[in-house]
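Scroll down for the structure; my scribbles are underneath it.
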Amino acid sequence: MILAAEALTKAYGTNPVLNGVDVGLREGEVVCVIGPSGSGKTTLLRCLALLEEPQGGRIVMRDQIVGAPQPSAKIRQSAWGVRADIGMVFQQFNLWPHMSVLANIIEAPMRARGVPRDKAVAQAEALLAKVGLADKRDVYPTRLSGGQQQRVAIARALAMRPAVLLFDEPTSALDPELRREVLVVMQALAEEGMTMMVVTHEMGFARRVADRIIFMDRGRIVEEAPPARFFATPSSERAQRFLAQLED
Ligand code: ADP
Ligand code: MG
């Protein structure tokens, strides 16, 4: 496993959000996480990205503990070392509005990885070409469509050369006609062998691209299966109900 959560628990106040989650990502694997609103999908991703501290269990990256309740100095140091290897793409893009597209992409590699500016720029240009936005280099994010902004956000995450990329409903804020251009980029990444965990309501994407589907409900993984099996014959009643309601 590149990145895994083991027996992960998390509560906000008295509200339990994750109730013992075990999940791992193997090299080159695409896992899609599906489940009703409030089931803990975002919290799971944020714990995996080391943006939240769990109350129980641990996060392990390549056999190293990098997340745990009240982490020791050693764990915190390990986390510091690997945090930049875990990329995250959010529902709301989160680009810096006062910076050009190019500046958005080169900022983190220059600051966090010490990449020289000319190298960071060359890499950013290559990434922009890859997501189909070579001509938007000097534009400000507010001038872009949501689909274009999200593709910049993906390029920005890739600029750190992450070992793992986590997506939290990357197309949920987009109009239906803009979703495809983002999904196409994500599918191409998957085909290149990028290790990805994708929280999504895009069932077509999940069916086509995922190696494994994880279905969550109330802070637990209720079902885990290859997409063909999950969509054809979900074994849990909760997943059956969830899928049936999507078809309505
Ligand atoms: P999902 O992404 O599946 O919709 P979330 O992980 O966002 O689920 O949320 C799970 C539960 O945790 C929800 O009940 C939500 O209200 C609660 N929650 C999430 N983030 C916070 C927070 N920062 N503070 C308090 N409660 C939160
Ligand atoms: Mg969420």
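Quick note: the coordinates plus some simple rules give every number you see, no bench work behind them. Fair warning: this is a prediction, and the values are worked out from it, not measured in the lab. Because the Cβ atoms are built from the backbone with ideal geometry, glycine has one as well, and the counts that use them run over all protein chains shown.
Rounded, prolate or oblate for the range 115-248? Axes are the square roots of the Cα gyration tensor eigenvalues, ordered a ≥ b ≥ c, and the cut-off for rounded is a/c under 1.5. Provide the component values of the computation, followed by the final result.
Values: a/c = 2.80, a/b = 2.00, b/c = 1.40.
Because a/c hits 1.5 or more and a/b exceeds b/c, the range 115-248 counts as prolate.
Please list the non-local residues whose amide H lies under 5 Å from the amide H of residue 139, H modeled 1.01 Å from N, same-chain partners needing a gap of 5 or more.
Those lying under 5 Å, H to H, from residue 139 are 101, 102.
For the chain, report the translational diffusion coefficient in µm²/s to the nearest whole number, using Stokes-Einstein at 4 °C, 1.567 mPa s, and a Kirkwood Rh over Cα pairs. Don't skip to the answer; put the middle values down first.
Values: Rh = 18.7 Å.
It diffuses with D of about 69 µm²/s by this estimate.
Can you work out ³J(HN,Hα) from phi for every residue in the range 91-98, in order, using Karplus 6.51 cos²θ - 1.76 cosθ + 1.60 and θ = phi - 60°, giving whole Hz and x for Gly and Pro?
4, 9, 6, 6, 6, 7, x, 8
Rounded, prolate or oblate, given the Cα gyration tensor of the range 1-42, with a/c below 1.5 counting as rounded? Before the final figure, lay out each step's value.
Numbers: a/c = 3.71, a/b = 1.69, b/c = 2.20.
Oblate.
Please compute the contact order of the range 1-143 in relative form: average sequence separation of alpha-carbon pairs under 8 Å and at least six residues apart, divided by the residue count, as a percent.
Details: 192 pairs, mean separation 25.4, N = 143.
It rounds to 18 percent for the range 1-143.
For the range 75-186, what is the Kirkwood estimate of the hydrodynamic radius, computed as the reciprocal of the mean inverse distance between distinct Cα atoms, to one decimal in Å?
Working: mean 1/r = 0.0705 Å⁻¹.
Kirkwood radius, the range 75-186: 14.2 Å.
Just how large is the dipole of the chain about the Cα centre, in debye to the nearest 20, putting +1 at every Lys and Arg Cβ and -1 at every Asp and Glu Cβ?
Values: 30 positive and 28 negative charges, 126 e Å.
Dipole size: approximately 600 debye.
Name the long-range amide H neighbours of residue 67: under 5 Å, sequence gap of 5 or more, or other chain; modelled H, no Pro or chain starts.
59
Taking amide H atoms as placed 1.01 Å from N in the peptide plane, list the residues 5 or more away in sequence, or in a different chain, whose amide H sits under 5 Å from that of residue 20.
8, 9, 10
Taking the DSSP beta bridges in the chain as the whole, what percent of them are antiparallel, to the nearest 5?
On the way: 21 of 37 bridges.
The answer is about 55 percent antiparallel.
Which of rounded, prolate, oblate describes the range 11-79, given a ≥ b ≥ c as roots of the alpha-carbon gyration tensor eigenvalues and a/c under 1.5 marking rounded, otherwise prolate only if a/b is larger than b/c?
oblate
Could you tell me how far the Cα centroid of the range 153-182 sits from the Cα centroid of the range 5-58, in Å?
Spelled out, the Cα-based centre of one part sits 19 Å from the other.
Return the sequence-ordered ³J(HN,Hα) values of the range 103-111 in whole Hz as given by the Karplus equation 6.51 cos²θ - 1.76 cosθ + 1.60 applied to θ = phi - 60°, using x for Gly and Pro.
Along the range 103-111, the couplings run 5, 4, 7, 7, 4, 5, x, 5, 6 Hz.
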